[in-house]
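Enquirer: Sending over a structure as structure tokens; questions will come in a sec.
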Amino acid sequence: MAIDFSLSPDLEDIRRRVRTFVEDVIKPAECRIEGDGQALPLQGNDRIKELIAMRKMAYKERLWLPHMPEEWGGMGLTHVQLAMVQAEAARSYYGPWALNCQAPDEGNMLTLLHWGTQEQKQQYLKPLCEGLSTSCFAMTEPEVAGSDPTLIRTSGYRDGEEWVLNGHKWFISNAHRAQFAILIARTEEDPDLPQAANTAFLIDLPMEGWTEVRQIETMHGSTGHSEILIEDLRLQETKMLGGRGQGHLLGQYRLGPARLAHCMRWIAQAETALDMMVERSLERFSHGSLLAEKQGIQWLIADSTMELYQSKLMVLHAAYKIDRNEDFKSEVSMAKHFVANTLNRIVDRSIQVHGALGYSTDTPLAHMYQHARWARLADGADEVHQMRIAQRTINTFTDYGSTARATGGLPI
Ligand SMILES: Cc1cc2nc3c(=O)[nH]c(=O)nc-3n(C[C@H](O)[C@H](O)[C@H](O)COP(=O)(O)OP(=O)(O)OC[C@H]3O[C@@H](n4cnc5c(N)ncnc54)[C@H](O)[C@@H]3O)c2cc1C
């Protein structure tokens, strides 16, 4: 058995190029877009031009679609290799967007690649890959717990050659801008399994019967998580993605790698917060010594370092299992839960070490803190992951008389 954490020269080169691109192109553009204390944020066409220029540069530098195969214009990376690129790109807020590997498009691309017909791939996947369209994924509903997709009420029935959909969705990220949605609706009234009631559909936007009620105001502002009303929305059979009753399966397939991709980006954010924590502690002097010399601060730094190290190992191992077509559900669940909580703790500690400055918007920490909070409840709330992890551990013990296989199936 070979355990090798080193990168090949080719991969090291990709990592270096992504890092240089983020430092030299994206971060300066981000300052211009968001404003930097001296200049005001860009608005309207100027903002759009700056965003598009970043993407064109990424495309030219062949740092485009790291998660997609080469035949779709991607970099053809494995999940382990992707972890490295995502973690570099997400050092900047706009990094994943510039490389066209941001949520929810990234998960939707992989879903279409796996489940789409040739026609659906041409119509929906191709423009997404080319950066000419953007998409959303519509599953969660206000009336029922999003944690349990068997409760979904948005429903579809056949009317001749067409499907007619009715329902209510919310927190649909990117819906405001999207050219199409992947929507999950209940189509089967009496399935053999509760998980086989839902079906996925592709919806061109705008579309009669799809109404955006509002963009929901969240902790990080009103930035594109929409509430949607679906009333007698009519679709041809060709708009079904995957088979009837396969909506749950498709959602699970989508969420595995997509959750891990979130973790890869969260690692970058957590590392940025830890870097800032250490830098500040080396500059700030109080009660006779630098903060870095105080044991209370060292504990914050040490805990953050250990947790970030664990996060990286968990993400790499889950990615390794995906690459080998091994069952990765438990490892992705554990990584998602652990990295989301690590991110929250490290950003919080970094704010603490920065004092009032950390609470201000003069550093990116406040913004990071607002974004970090959703990580613990979206894409599977903490408690739901814990429930599943515990179930698998108990089953493993019952089946094999030991929990060893539940802790990553590692050879120690
Ligand atoms: C910023 C953001 C973006 C989002 N983007 C999208 C999107 O693009 N598309 C989309 O479809 N959805 C999206 N969501 C919704 C997200 O997926 C749901 O919030 C999530 O699935 C949880 O569903 P819920 O909000 O209905 O919470 P509920 O299911 O009502 O759960 C509430 C809480 O109850 C507890 N809980 C639930 N079940 C259990 C259990 N079995 N055991 C113990 N405790 C439990 C947990 O603490 C959980 O946080 C987004 C949410 C946010 C915040």
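The values are calculated or read from the model by the stated rules, or taken from the named source; none is laboratory data. In this text the structure is predicted, and so the values were computed from the model without any measurement. Positions of Cβ are generated from backbone atoms using ideal geometry, with glycine treated the same way; all protein chains shown enter the neighbour counts. Just the protein is used for accessible areas: all its heavy atoms, side chains included, with ligands, DNA and RNA removed. Shrake-Rupley method; radii C 1.70, N 1.55, O 1.52, S 1.80 Å.
Enquirer: Keeping all protein chains in place, calculate the accessible area per residue for the range 66-134 (probe 1.4 angstrom), answer in Å².
Expert: For the range 66-134, the solvent-accessible area averages 35 Å² per residue.
Enquirer: Using a Gaussian network model of the chain with C-alpha springs under 10 Å, which one of 287, 385, 168 is most mobile by mean-square fluctuation?
Expert: Among 287, 385, 168, the largest GNM mean-square fluctuation belongs to 287.
Enquirer: If we restrict to alpha carbons, what Rg and Dmax does the range 109-206 come to, in Å?
Expert: Just the Cα atoms of the range 109-206 yield Rg and Dmax of 14.0, 41 Å.
Enquirer: A further question on this structure: Put a dot 7 Å past each Cα toward the Cβ at residue 231 and residue 50; how far apart are the dots in nm?
Expert: It works out to 3.9 nm between the two label points.
Enquirer: Could you tell me which residue out of 282, 203, 256 lies farthest along the dipole of the chain toward its positive end? Charges go on the beta carbon: Lys and Arg +1, Asp and Glu -1, centred on the Cα centre.
Expert: 282
Enquirer: While we're here: Using 0.36 nm per residue of separation minus the Cα-Cα distance, give me the extension gain between residue 360 and residue 19 in nm, one decimal.
Expert: Residue separation times 0.36 nm, minus the Cα-Cα distance, leaves 120.0 nm.
Enquirer: OK, next. Evaluate 2.2 N^0.38 Å with N set to the residue count of the range 329-369, then give the Cα radius of gyration divided by it.
Expert: The value comes to 1.43.
Enquirer: Going through the cross-link list 121/169; 49/336; 169/312, which pairs have a Cα-Cα distance over 32 Å in this structure?
Expert: As for pairs spanning more than 32 Å Cα to Cα, those are 49/336; 169/312.
Enquirer: Roughly how many Å² of residue 278 are accessible to a 1.4 Å probe, to the nearest 10?
Expert: 50
Enquirer: Taking every Cα atom in the range 44-105, find the radius of gyration and the maximum pairwise distance Dmax, and write them in Å.
Expert: When restricted to the Cα atoms of the range 44-105, Rg and Dmax are 11.8, 38 Å.
Enquirer: Tell me the carbon and sulfur percent of the accessible area for the range 95-136, rounded to whole percent, probe radius 1.4 Å.
Expert: 54
Enquirer: Jot down the radius of gyration and Dmax of the chain, Cα atoms only, both in angstrom.
Expert: My reading of the Cα-based Rg and Dmax gives 22.2, 80 Å.
Enquirer: Next question. Find the relative contact order for the chain and round it to a whole percent, using C-alpha pairs within less than 8 Å whose residues are 6+ positions apart.
Expert: Taking the mean separation of contacting Cα pairs over the length of the chain, I get 12 percent.
Enquirer: Still on this structure, I have one more. Using the scaling law 2.2 N^0.38 Å as the reference, what is the normalised Cα Rg of the range 70-141?
Expert: For the range 70-141, the normalised Cα radius of gyration comes out at 1.14.
Enquirer: Please get the size of the charge dipole for the chain, origin at its Cα centre, with Cβ charges of +1 on Lys and Arg and -1 on Asp and Glu, quoted in debye to the nearest 20.
Expert: Dipole about the Cα centre, nearest 20: 760 debye.
Enquirer: Next question. So if the hydrodynamic radius of the range 157-207 is defined as the Kirkwood radius over C-alpha pairs, what does Stokes-Einstein give as its diffusion coefficient at 4 °C and 1.567 mPa s, in µm² per second?
Expert: 103
Enquirer: To the nearest whole percent, what portion of all C-alpha pairs in the range 221-353 is separated by more than 18 angstrom?
Expert: Here the long-distance tail beyond 18 Å is 66 percent of all Cα pairs in the range 221-353.
Enquirer: Let me ask something additional. Tell me, in nm to one decimal, what length is gained between residue 192 and residue 382 on full extension, where the rule is 0.36 nm per residue of separation less the Cα-Cα distance?
Expert: Value of the extension gain: 65.5 nm.
Enquirer: Whole-Hz Karplus ³J(HN,Hα) for the range 257-263, in order, using 6.51 cos²θ - 1.76 cosθ + 1.60 and θ = phi - 60°, x for Gly and Pro?
Expert: Once θ is set to phi - 60°, the couplings for the range 257-263 become x, 5, 5, 5, 5, 4, 4 Hz.
Enquirer: Over the residues of the range 146-268, compute the C-alpha Rg and express it relative to 2.2 N^0.38 Å.
Expert: For the range 146-268, the normalised Cα radius of gyration comes out at 1.10.
Enquirer: To continue, here is another question. Carbon-plus-sulfur fraction of the accessible area of the range 231-381, 1.4 Å probe, in percent?
Expert: Roughly 55 percent of what the probe reaches on the range 231-381 is carbon or sulfur.
Enquirer: Could you state the accessible area per residue of the range 276-412 in Å², with a 1.4 Å probe and every protein chain left in place?
Expert: Counting only protein heavy atoms, the per-residue value for the range 276-412 is 57 Å².
Enquirer: Eigenvalues of the Cα gyration tensor times 5, then square-rooted: what semi-axes does that give for the range 216-288, in whole angstrom, largest first?
Expert: 45, 19, 7
Enquirer: Beyond a 25 Å Cα-Cα separation, which of these cross-linked pairs lie in this structure: 27/56; 27/321; 239/329; 126/329; 27/60; 126/239?
Expert: 27/321; 239/329; 126/329
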